[in-house]
Structure formats: C-alpha cells, structure tokens
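The block underneath contains the structure these notes are about, expressed in structure tokens.
The values are calculated or read from the model by the stated rules, or taken from the named source; none is laboratory data. Owing to the predicted nature of the structure, the values given are computational and were not obtained by experimental measurement. Methodologically, a virtual Cβ is constructed for each residue, glycine included, from the backbone with ideal geometry; neighbour enumeration extends over all protein chains shown. The protein model used for the area step is the full one, side chains on, heavy atoms only, and it has no ligands, DNA or RNA in it. Shrake-Rupley method; radii C 1.70, N 1.55, O 1.52, S 1.80 Å.
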Amino acid sequence: MSSPTPSRYPDLPVPRTQSVSEFEIEHPKGISSPSKQRRRGSDPEYETQAAYRAALAALVSAKARPFAISGRVPLDSVNLKLFFRSQSGISHSLDFPIDVDVDMPPALDTLIAACLPHPSTSGYAENETLYYPPSLPLTATLELANHPILEAVRNTLFPALPVGHYLTAVRDKLELWPKGNATTVQSRPLDNRVATVLVTLPVRFRGGTLVVRSVDGMEEKFYGRGGKGGDIEWAAFLSDCDYEIQPVRSGCRMTISYAVQVKSFGPAGIQPDPLITPSDRFLDILSPVLNMSRGRRIAFYLTGEYGVNPGEVLAESLVPSLKGGDSILYHALKLYKLSPELRWTAGGYIWAVDHTVEFVNEAADSPTASVARQPLSILSGARLPPIRGPFSSGSEPGEDENDDVRQRVVKGGAVPITETDIAIVSDIVTFPGLITKERVPFVSSMGEIEKLVVNVLMVVYVP
C-alpha cells in the first residue's frame, strides 16, 4: 500500500477544530519539498485558502468571547430630561434633543461650567474632555430598569452566568466630549463591576467614535448615529476592557455610564452578594433554636420544587436556586456565620454532601442487567424526568422491592440517618406543608422503569 499523500499546504494554520475522521500525522521538522515552497508564493489557490482560513479563525475567535456589544432603546428624546445642580447650589434641568451648532441651551452652558476636566496625556487639544463631579446630585428620567438592556448584556457577555445570579446597574458618571476633544484612554474603575454600559444622550455630534479594546488586544469600534433623535444608543463592554472616545469633529458627545454588577439571591456563586436579607423577626425566631442546638447537627427539609435529577447533580448545586423559605433560612444561617450544606435523603438514608444518588442494578442474571448498567439519563433512549421520596416509587412497591431498593441505596454510598449525629427538625415537631421531592429513574427487579423519590435536607452544625 502506498504511503499517505502529504498535505498540499502543510504550513497553513491548523484549524481550531479538526474532523475526528482524519488521521493526524506529525512530520519531522525540516523535511519539505523545496520546489513546492517556491511555487506557493505565487499560487493563487494557496493564497485564497490561506485568506479564507484566516477569516474563519478571526470569526471563530470573535464568536468565542464577545467583549463588547451595542444597541438602541426606542425612546422619544423629547421625553428625556436631565436634572443637575451647579457649583453654586442652584438646580437646573436640561431638555433634549440638543444641537449645539444650531442653539446652545443656557442649561448646557451651566452644566459644562460645573464639570471637571479629565486628566490628559495626549498633548495639545482644542477642548478638554469633561465629567460631572460625582459629589453633585444628578438625575435622569432614563432608567435602565425600564428597558431590557441588562438582559441583552447578560445574554451576550455573560451567557454562562449561573442560575440565581442577576445583573444590576448603578449610575457611574456623566461625561462630555466637546468639539476637538483630546483622545484619552479612560482608566479602569477599581470597584467590583463586571461590565460598563455607556448611554449616548441625544446631543448631535460628528466623529467621536467609541473604541473598546479587550485584554487580548482585540478592538471594537462603535460609530453610532451622532446623537440623532428617535432612539437612544447604548454600548456595553467587560470591565477588563479599555475604552476611549476619538476626537469629535463638531457638536458635543454626552454620555452617562453605568457600572454593571452581579448580584445573587443565594450567598454562593461568582460574587456572594445576596439581594435579600432575612427580617429581624425571622432572625429572632431562629436565634433561640440555634442557642438550644449548640453542639448538635440539625437538618431541615427543603420545601421548594427545583426540577433536577439527584442522580446527575449534587444537592449543593441547588444553593444559587433556593427560593421561598428555603432561601430565607439559608441566608439566615449564613448571617450567623454557620455553614449549612444540602444533602440528598430517601427512606431514612442520607448521602454525603459530595455524592449524587447513585442507583445501579447489579443483578447479573437479570435479563435487564445490561440495560440497568447504562447511565440513568439514557434509559429508554431518552432523558427521563427526575424522581423523589422516602423509599417510594411510581408504583406501589412490595416488601421485596423495598429490600431491593435499600440494597441499591446502600451500595450507592448512602448511610442510615440513625447512624449519624443528624437530628431532623420534622422528627421533633410536625412539619407543615409539602417537602421537596426530586426523582431518580431506575430499572426495577421486574425490568420496569420506576422512579425513586428523593428529598433534600439542609444540614448545619451549631458549635
């Protein structure tokens, strides 16, 4: 059999993703065909393929990690107003839209007089770039919460933000770039923001392109519409980016920036800064319970429905998604500097905090054994819904079936709660309402697909 034919252009950049059906062959360095090397410089096909691959590589790289986006808010600029206070303490209001080349509103002159210059290192400039002092009050009738800007920022720049985490925006500063402004790279803020949103106010201008540079050297330019009325333009970029406004050729560019921060309903995740705080009444009710539980490990059943498969995820993964009383209790325990943990439980057995509900049929002589050894998520050729409860299933089990389930639970790493030091609150007082029920599919000894009902315990040690 003849040897494999080498690639016609082995020195082309290797694509990021290769087909798994191709053989990967490494050739010794220095071995090449001089005649082919001489032809490649003038080979139109080679140049076309090289340009095509370079374009594809740039596209894939840009798609892999977007760092800046822009959009428009459908808002009539006539309804937009800006309220501010001058250095003398007098309040003013600025109406929009504005075209300074046609008519310079007196309120805008007052606003410019109240602003401070940005530090500039670019040498001579016709006018300095300005910012409104953060010590003076400033209010705009434009509220980001009334428009889906943050939702667009989350979907584009933070697609992997965990469930239970949300973006909030805090107004940062008002900036003005008059005609002939110096090009100044804005310093990165030192706060805990994850992104910045720039809203361009409807003041007419030409030039003033927004340039955003990522940490890996990529650059985005947003030319905008020059402050024309009809829509309010905005742009957003990650906090590790640098940005600048190129010189304005005419008019004045005016923007309001917002600091985008990550908040969570749960005290775990990217930035554990929860949005809620338990009430004083709830803390007063919890305090004596904790005082009388010193030196003990107590557990509370969760009551929410979370729709997960305990055979595939840890109970701890529910922390960012806790809701209702589950969330309030978790937050309260955290406020007391305790370390609550979530654990799966079923039929008087409990799994370790770092264990999923492992449930495998090991009956080798059973005709369904080969099926039962498959991952639970692909039984019957499709993903099955989760399962739940003290040893209960979709059908009424007999004594033998209970024994079979118990053996599998023990083999999966669960231990009887009676053999631990955990005291469940519902064993002491009557537990009102329903408790969380998640379900794990399994193949019964009769070869039928059943669902084991699994509950969730919030376990905490009180020192």
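Evaluate the following for Leu136: is it touching a residue at least 60 places away in the same chain (Cβ under 8 Å), open to solvent by less than 60 Å² (accessible area, probe 1.4 Å) and in a loop (DSSP other than H, G, I, E, B)? Taking the combined requirement at face value, the residue does not satisfy it.
The residues of segment 73-108 that are part of a strand (DSSP E or B) and of a type in the set (Asp, Glu) amount to a single one, Asp95.
Scanning segment 274-288 for residues being open to solvent by less than 60 Å² (accessible area, probe 1.4 Å), hydrophobic (A, V, I, L, M, F, W, C) and in a helix (DSSP H, G or I) gives a total of 2.
Residues of segment 413-451 that are in contact with a strand residue (DSSP E or B) (Cβ under 9 Å, 6 or more places away or on another chain), among the hydroxyl-bearing types (Ser, Thr, Tyr) and either outside any helix (DSSP H, G or I) or open to solvent by 40 Å² or more (accessible area, probe 1.4 Å) (or both): Thr420, Thr436, Ser444. For segment 184-210, the candidate set comprises residues that are surrounded by fewer than 17 Cβ atoms within 10 Å (Cβ to Cβ) and among the β-branched types (Val, Ile, Thr); within that set, the residue that is farthest from Lys63 (Cα to Cα) is Val185. In summary, Glu233 fulfils each of the numbered conditions (1) in contact (Cβ under 8 Å) with a residue 24 or more places away in the chain; (2) under 27 Å from the mean Cα position of the chain (by Cα); (3) assigned to a loop (DSSP other than H, G, I, E, B) with the single exception of condition (3). With respect to being in contact with a strand residue (DSSP E or B) (Cβ under 8 Å, 6 or more places away or on another chain) and assigned to a strand (DSSP E or B), Val199 fits the description.
Residue-wise test of (1) at pLDDT 50 or above; (2) in contact with a strand residue (DSSP E or B) (Cβ under 9 Å, 6 or more places away or on another chain); (3) within 24 Å of Asp403 (Cβ to Cβ).
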{"position": "Ile328", "(1), (2), (3)": "yes, no, no"}
{"position": "Tyr336", "(1), (2), (3)": "yes, yes, no"}
{"position": "Ser366", "(1), (2), (3)": "no, yes, yes"}
{"position": "Ser370", "(1), (2), (3)": "no, no, yes"}
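For segment 291-341, the tally of residues that are hydroxyl-bearing (Ser, Thr, Tyr), buried (at least 17 other Cβ atoms within 10 Å of the Cβ) and assigned to a loop (DSSP other than H, G, I, E, B) stands at 2.
Regarding segment 168-182, can at least one residue be identified that is small (Gly, Ala, Ser), touching an Asp or Glu at 6+ places or on another chain (Cβ under 8 Å) and open to solvent by less than 60 Å² (accessible area, probe 1.4 Å)? Yes, segment 168-182 contains a residue that is small (Gly, Ala, Ser), touching an Asp or Glu at 6+ places or on another chain (Cβ under 8 Å) and open to solvent by less than 60 Å² (accessible area, probe 1.4 Å). Given the criteria on the phi > 0 side of the Ramachandran plot, surrounded by fewer than 20 Cβ atoms within 10 Å (Cβ to Cβ) and either outside any strand (DSSP E or B) or in contact with a Phe, Trp or Tyr (Cβ under 8 Å, 6 or more places away or on another chain) (or both), does Gly251 qualify? So Gly251 does not fit the description; no. Against the condition more than 30 Å from Phe67 (Cα to Cα), surrounded by 13 or more Cβ atoms within 10 Å (Cβ to Cβ) and under 37 Å from the mean Cα position of the chain (by Cα), how does Phe96 come out, does it pass? It is true that Phe96 is more than 30 Å from Phe67 (Cα to Cα), surrounded by 13 or more Cβ atoms within 10 Å (Cβ to Cβ) and under 37 Å from the mean Cα position of the chain (by Cα).
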